[in-house]
1. Is it the case that segment B:356-368 has a residue that's without any contact (Cβ under 8 Å) to a residue 12 or more places away in the chain, closer than 23 Å to B:Pro44 by Cα and more than 23 Å from the chain's Cα centre (by Cα)?
2. Can you tell me which residues in segment B:91-117 are of a type outside the set (A, V, I, L, M) and touching a residue at least 60 places away in the same chain (Cβ under 8 Å)?
3. Out of all the residues in segment B:75-92, is one or more within 24 Å of the chain's Cα centre (by Cα) and outside any strand (DSSP E or B)?
4. Criterion first (open to solvent by 20 Å² or more (accessible area, probe 1.4 Å) and within 11 Å of chain A (Cβ to nearest Cβ)) does B:Arg22 satisfy it?
5. Taking the stated definitions as given, is B:Asp166 open to solvent by 10 Å² or more (accessible area, probe 1.4 Å), closer than 23 Å to B:Leu123 by Cβ and among the acidic types (Asp, Glu)?
6. Can you tell me which residue among B:Arg131, B:Arg105 is within 15 Å of ligand 1 (Cβ to nearest atom), open to solvent by 20 Å² or more (accessible area, probe 1.4 Å), assigned to a strand (DSSP E or B) and within 24 Å of B:Val204 (Cα to Cα)?
7. Check B:Leu303, B:Leu314 and return the single one that is within 13 Å of another protein chain (Cβ to nearest Cβ) and in contact (Cβ under 8 Å) with a residue 24 or more places away in the chain.
8. Please go through segment B:4-18 and give me each residue that is more than 10 Å from every other protein chain (Cβ to nearest Cβ) and either in contact with a helix residue (DSSP H, G or I) (Cβ under 6 Å, 6 or more places away or on another chain) or within 8 Å of ligand 1 (Cβ to nearest atom) (or both), ordered by number.
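The values are calculated or read from the model by the stated rules, or taken from the named source; none is laboratory data. Keep in mind the model is a prediction, meaning the values are calculated, not measured. Using ideal geometry, Cβ is built from the backbone for each residue, glycine included, and neighbour counts are taken over all protein chains shown. Surface areas here come from the heavy atoms of the whole protein model, side chains and all, with no ligands, DNA or RNA. Shrake-Rupley method; radii C 1.70, N 1.55, O 1.52, S 1.80 Å.
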Amino acid sequence: MHVTVDRGRCDIHAQCVFEAPAVFQLDDDDELVYDERPEAVHRPAVERAATSCPVAAIRISER
Amino acid sequence: MRRVVIVGAGPAAMSAVAELRRQDYQGSILVIGAEPHMPYRRPPLSKHPLPTSHAQLALDQAGRAEATWLLGRSAHHLDRQNRVLLLDGGDEIPYDGLIIATGVRARRLPGRLHQGRPEVMTLRGFGDLARLHGRLQRVTRVVILGAGFLGSELAATIRRLGCSVDLVERDRLPLLGPLGPVLAQRIADEHRRHDVRLHLGRTVDRLHGTDRLDAVRLDDGTTLPADLLITALGSIPETGWLAGSGLVLDDGVRVDNTGRAAPGIVAAGDVARWPHPWPAGESVRAEHHDEAVAQGAHVARTLLGDPAPYAHTLAFSTHIHDMRLHSVGFTGKNYRLHVVKEGPGGRMLAEYRHAGRLVGAITHGYIRDLTTTYRDLPARSCHEPSATSPVHAGQRAAQGAGGRGCVEHA
Ligand SMILES: Cc1cc2nc3c(=O)[nH]c(=O)nc-3n(C[C@H](O)[C@H](O)[C@H](O)COP(=O)(O)OP(=O)(O)OC[C@H]3O[C@@H](n4cnc5c(N)ncnc54)[C@H](O)[C@@H]3O)c2cc1C
Ligand code: SF4
């Protein structure tokens, strides 16, 4: 699973951080940092995060 | 269960479809939606930069193949005895399980005031946005009535486009109810800093202009030149079609803490009114994208026979000019605000307390604290022994940034 966040769109709503804290976090400056290649066990949480993101910034692909 | 019907095709519906399939439900799913669009995200509709296409807002397209979508059609009656839904064209749709996800509609200006003028509009859906885009090409003076989240966000967005903005609010501060006086004052200052003219404690009582709108008169006699009036007066749950169904309608569809409205019927999203975690007897209806997604999935499981108490962390954010507010749990003027820390550039982190109990937190600039220290806040406060509270039973919880965070853990 490959996760990408479109930085042009992401507006730090932080919904993804609530839904999938193992994959999405905020750094000291409240900027989003994330694991581009999370383990498969995180898939349901990542899918929830993608649906919850209010600006559709999260993409999941299979590569 | 062989036939699930979902009424309303928004994020709650889309999330329910995905969860039904995730739970290996093999039967049919029919979704009936009044708008001509597949489910989409509404939050960007009021924020800079305004979206220009439906594709930018679309939710996960995978759901398209998982259900049959009957779009541009409305349910207008529910016959629970015969488990049949009546559509606008007269079609009868039988169901085994029903998911109510019809959301809310915008409250409008009384007809005697707007008299069908095309320069008076509101913003709820993509259709409204398309009209707004058209208007904004041609106008320079915009009046917005209502300074809640929608009105305040729109004021900021439209100022950035270069129009003049007058923001009219009946309360003494913008967002006073959902945020409380301290933060509401900061929002007011933020509007003024960006040259949004605030008219507080006022409402609109007349529109001027014969062929087209040219001014709006306030109740104190002030006349504001205007080419466009946008109303942002809050919303009304879409439950008209449920009249006579026997379901409990009380500013939304009443559900129990698993999302059930009646046997075989569940409700999710903006339309659903849930039991409040405390004090017992109160109820709450949230209007958040993230809640619609979480509730849609939850009630899908309830419908399939796996009912559990709903316990989702309520998290909300809004961007108004340069202010980015994030909150978790319950917020608003009914609670006491306690500032935890402040920093340069107006950064702040504060807690909301009710009868000594921590019920919510809000920040501008310390988002990470919310996502760490406070992330389990609603559940945590629910586990505290129930406090004797001064809030009258039956009184509604503050909405907006507030809302439900969890339900009673029986
Ligand atoms: C401009 C705007 C900005 C927002 N910003 C934010 C934000 O920043 N953050 C946030 O969390 N939330 C925000 N929200 C709220 C968020 O969009 C809602 O909480 C969310 O859309 C609720 O989803 P839902 O599926 O419950 O209902 P909806 O999205 O309202 O979908 C319900 C659908 O049901 C249809 N329907 C109604 N009646 C019938 C009927 N009888 N038969 C068939 N179909 C019917 C409606 O036409 C609609 O398409 C915003 C909303 C708006 C309008
Ligand atoms: S939810 Fe979306 S906008 Fe918010 S931080 Fe995550 S990716 Fe960015």
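1. Step one: of segment B:356-368, the residues without any contact (Cβ under 8 Å) to a residue 12 or more places away in the chain are B:368.
Imposing the further condition that a residue be closer than 23 Å to B:Pro44 by Cα reduces the set to B:368.
Filter once more, so that each one left must be more than 23 Å from the chain's Cα centre (by Cα): B:368.
Looking through segment B:356-368, at least one residue is without any contact (Cβ under 8 Å) to a residue 12 or more places away in the chain, closer than 23 Å to B:Pro44 by Cα and more than 23 Å from the chain's Cα centre (by Cα).
2. B:Pro94, B:Tyr95, B:Asp96, B:Gly97, B:Thr102, B:Gly103, B:Arg105, B:Arg107, B:Arg108, B:His114, B:Gln115, B:Arg117
3. no
4. Spelling it out, B:Arg22 is indeed open to solvent by 20 Å² or more (accessible area, probe 1.4 Å) and within 11 Å of chain A (Cβ to nearest Cβ).
5. The answer is no for B:Asp166.
6. Of the residues listed, the single one that is within 15 Å of ligand 1 (Cβ to nearest atom), open to solvent by 20 Å² or more (accessible area, probe 1.4 Å), assigned to a strand (DSSP E or B) and within 24 Å of B:Val204 (Cα to Cα) is B:Arg105.
7. Numbers: B:Leu303 fails: within 13 Å of another protein chain (Cβ to nearest Cβ).
Exactly one residue qualifies, and that residue is B:Leu314.
8. Result: B:Ile6, B:Val7, B:Gly8, B:Ala9, B:Gly10, B:Ala12, B:Ala13, B:Ala16, B:Val17.
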